[in-house]
1. Output the relative contact order of the chain, whole-number percent, from Cα pairs under 8 angstrom with separation of 6+ residues.
2. How big is Rg to Rh over the chain, alpha-carbon atoms, Rh as the Kirkwood inverse-mean-distance radius?
3. So what is the relative contact order for the stretch 53-112, in percent, with contacts set as C-alpha pairs under 8 Å and at least six apart?
4. Could you tell me how many degrees, from 0 to 90 and to the nearest 10, lie between the Cα long axis of helix 54-67 and the main elongation axis, the longest principal axis, of the Cα atoms of the chain?
5. With the other protein chains left in place, how much accessible area per residue, in square angstrom, belongs to the chain at a 1.4 angstrom probe?
6. Excluding THR18 itself, what net charge comes from residues whose Cβ is under 12 Å from its Cβ, given Lys and Arg +1 and Asp and Glu -1?
7. So if we plug the beta-carbon distance of SER24 and TYR100 into 1/(1 + (r/R0)^6) with R0 = 22 Å, what FRET efficiency do we get, rounded to 0.05?
8. Arranged from highest to lowest average of other beta-carbon atoms within 10 Å per residue, in what order do the peptides 43-49, 67-73 appear?
Amino acid sequence: AGIGKCVAMDLARRNARTILACRSRERGQAAVEEIQAATGNPAVVLRLLDTGSLASVRAFARAVLREEPRLDVLVNNAGVTGLPFNITSEQLEQTFTTNYLGPFLLTNLLLG
């Protein structure tokens, strides 16, 4: 939704293979279908990712590096605000992990 969906729509319009990294399979698949229909680009795919979980970030990065021949652009757009204080299963504060640690780890893992 929001800025991320707009960026994905623009990349797909430019005929780029576009990976939507989403927490929700249902919402992500709906976005994929909407973007494919609007752009005519069938190379829009969904991969599940929760930047609030470093295990999810690692799994996503492994899959992208294994499945994609190249990665030209990465847009880190996930972010949350106003959540109650919560500690993740990895013993990290949820908002900090989602907004900073997850995207930082993802970027570094995808650098290869």
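1. Result for the chain is 24 percent.
2. Details: Rg = 14.3 Å, Rh = 14.6 Å.
Computed over Cα atoms, the ratio is 0.98.
3. 49 percent
4. The angle comes out near 30 degrees.
5. Normalised by residue count, the accessible surface of the chain is 63 Å².
6. Details: positive: LYS5, ARG13, ARG14, ARG17, ARG47; negative: ASP10, GLU68, ASP72.
So the surrounding residues net to +2.
7. Computed FRET efficiency for SER24 and TYR100 comes out at 0.55.
8. Taking the mean over residues of other Cβ atoms within 10 Å, the ranking is 43-49, 67-73.
The values are calculated or read from the model by the stated rules, or taken from the named source; none is laboratory data. Fair warning: this is a prediction, and the values are worked out from it, not measured in the lab. No Cβ is skipped: glycine too gets one built from the backbone with ideal geometry, and neighbour counts run over all protein chains shown. To get the accessible areas, we keep the full protein, side chains included, count just its heavy atoms, and leave off ligands, DNA and RNA. Shrake-Rupley method; radii C 1.70, N 1.55, O 1.52, S 1.80 Å.
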